[in-house]
Each structure stands twice: as structure tokens, then as C-alpha cells.
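Novice: The structure that follows is given in the form of C-alpha cells.
The values are calculated or read from the model by the stated rules, or taken from the named source; none is laboratory data. Values in this document were obtained by computation on a predicted structure and should not be read as measured data. Here the Cβ positions follow ideal geometry from the backbone for every residue, glycine too, while neighbour counts run over all protein chains shown. Ligands, DNA and RNA are excluded from the accessible area calculation, which covers all protein heavy atoms including side chains. Shrake-Rupley method; radii C 1.70, N 1.55, O 1.52, S 1.80 Å.
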Amino acid sequence: MRKTITRGILRVLPLALSLWLFWSIGDGLNNLGLLLLRLVGIDQPWTGSGVVLILLLLLVIGLAFSVSPIAWLFQQLENQILRFPLLKTVYGAIKDMASLISTDPEQTKERQTVLVKQANDTYVVGFVTASDIPGPVGQALEARHETDEWVPVLMQISYQIAGVTVLVRKSDLVTVDWPFEDAMQFMLTAGLYKKTP
């Protein structure tokens, strides 16, 4: 009987938690939208109008950022905000996580899934995160007479948001035709999650 209950929990819990999370996000967005509507004098909006307002605002913001002057102004504001060390750390981490899960083709085109061979003839799955390495790192490698092309590779740690970034020679990478989302899911769950067709 305990096995049956456990099986039921394992089947229902992920769905229940996912629904609860999305319901909470939707409810929070709706409340924020209703607050904005009340500020402009609309006291009795229809059901769900808060979420609709927030989605419309996000659409307008997305369209606005496709205009170069607005994107430039935001970049200047971002640069000023990032002068504060603590805010820079928190904001940078959130922005990096958002870009990691982004499906924007411009941001995902360089995220090639690769295999990195280890010293004991095993392989680690990783993601090439950029086409080149930072200038100071490149200069340090050149000073050691390392003339190969190097790229940063993220090796995600199972069941954690964290990962390890290593510099790997391009010639040592085995590229894999594996979508980023599927590979990331495999790594985050240590291969326990099986994608259903």
C-alpha cells in the first residue's frame, strides 16, 4: 500500500506544484494589473483584466526595445545601476539565468551542446556559451604560449541552478546534435527524466 501511495504522490506532485506555481504567478500578475487599473480610476474591471493589462504592457515594452534609442537609453540606465556592487551581483545573476533559459534565436545560436573528454576516458556533457573567451583570459593563455582556440563551456550540475564553467580547446570538443533544452533537462535531472514522445 505504501508503494501505491508513493507512486500516486510521484505522479501527482510535479503536476500539482507546476499548476500551483503558474497559478501563483498569474494571480500575482493579475493583482499587479488590477492595482495599475485602480490607479487610473478603473475600479471594477472584468475578471482577468489585470493579466491582460500586464501582457499588453510587456508587449509594448518588447516593441519599444526594438527601437535603438530606447534600447540605448536602457543600456545607459543599466550601466549606472550596475555601479552598485551588491545590485550588480544580484541583477547580473538574474539576467544571466534569464538568458540561459531564453528561447531567443539570437541568444541561443551559440549554445552548442558538446561532449568534453575527461582524463579517465569519460565524457561530460556541456554547452559552449560563447564563441570566444574574455580578453584578459586570452592574454593570460597567450603568455603561457597556448595558441589553440579556446571557448567557455558550461557544465551544469544536476539538481542545481549552478554549473561549472571551464575553458576548453575547440579541437577537444565533440559537437552533439542535441537541442539545448533537451540536453539541459538531461543534465539537471542527471538523466533520470525521460522525455515522453
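Novice: Given that just one value was derived from the coordinates, which of (1) 15.7, 48; (2) 16.3, 51; (3) 22.5, 70 is Rg and Dmax of the Cα atoms in Å?
Specialist: Working out Rg and Dmax of the Cα atoms in Å from the coordinates points to (3).
Novice: With all protein chains present, how much of the accessible area of the chain (probe radius 1.4 Å) comes from carbon and sulfur, to the nearest whole percent?
Specialist: 66
Novice: Are there any helices in the chain, counted as whole DSSP H runs, that stretch 15 Å or more along their axis by Cα and score at least 0.0 on average by Kyte-Doolittle, and if so which?
Specialist: 2-39, 49-64, 68-81, 85-101
Novice: Write down the accessible area per residue of the chain in Å², having rolled a 1.4 Å probe over the full set of protein chains.
Specialist: 77
Novice: What is the local net charge at GLU78, summed over the other residues whose Cβ is closer than 12 Å to its Cβ (Lys, Arg +1; Asp, Glu -1)?
Specialist: +3
Novice: Rg/Rh for the range 112-197: what does it come to with C-alpha atoms and Rh from Kirkwood?
Specialist: 1.02
Novice: With springs only between Cα atoms under 10 Å, which of LEU15, LEU32, LEU167 fluctuates most in a Gaussian network model of the chain?
Specialist: Fluctuation is largest for LEU15.
Novice: Less than 13 Å Cβ to Cβ from ILE9, Lys/Arg counted +1 and Asp/Glu -1: what total charge do the surrounding residues give?
Specialist: Local net charge: +4.
Novice: Take THR147 and ILE94, extend 7 Å from each Cα along the Cα→Cβ direction, and tell me the distance between the two endpoints in nm.
Specialist: 4.7
Novice: Let me ask something else. Under a GNM of the chain (C-alpha, springs under 10 Å), which listed residue has the highest mean-square fluctuation: VAL164, VAL151, VAL12?
Specialist: VAL12
Novice: Name the residue, out of ASP27, ASP132, ASP182, whose mean-square fluctuation peaks in a Gaussian network model built on the chain with Cα pairs under 10 Å.
Specialist: ASP27
Novice: Heavy atoms only, 1.4 Å probe, whole protein assembly: order TRP23, TRP72, TRP178 by accessible area, highest first.
Specialist: These residues rank, largest area first, as TRP23, TRP72, TRP178.
Novice: Let me ask something additional. Measure off 7 Å from each Cα along the Cα-to-Cβ vector at LEU73 and LEU56, then give the distance between these two points in nanometres to one decimal.
Specialist: With each label point 7 Å from Cα toward Cβ, the separation is 2.1 nm.
Novice: Could I ask something else about it? Given the whole protein assembly as supplied and a 1.4 Å probe, what does the accessible area of PHE74 come to in Å², nearest 10?
Specialist: 90
Novice: Report the label-to-label distance for ILE42 and ILE81 in nanometres (one decimal), using points 7 Å from each Cα along the Cα→Cβ vector.
Specialist: Here the modelled spin labels are 2.6 nm apart.
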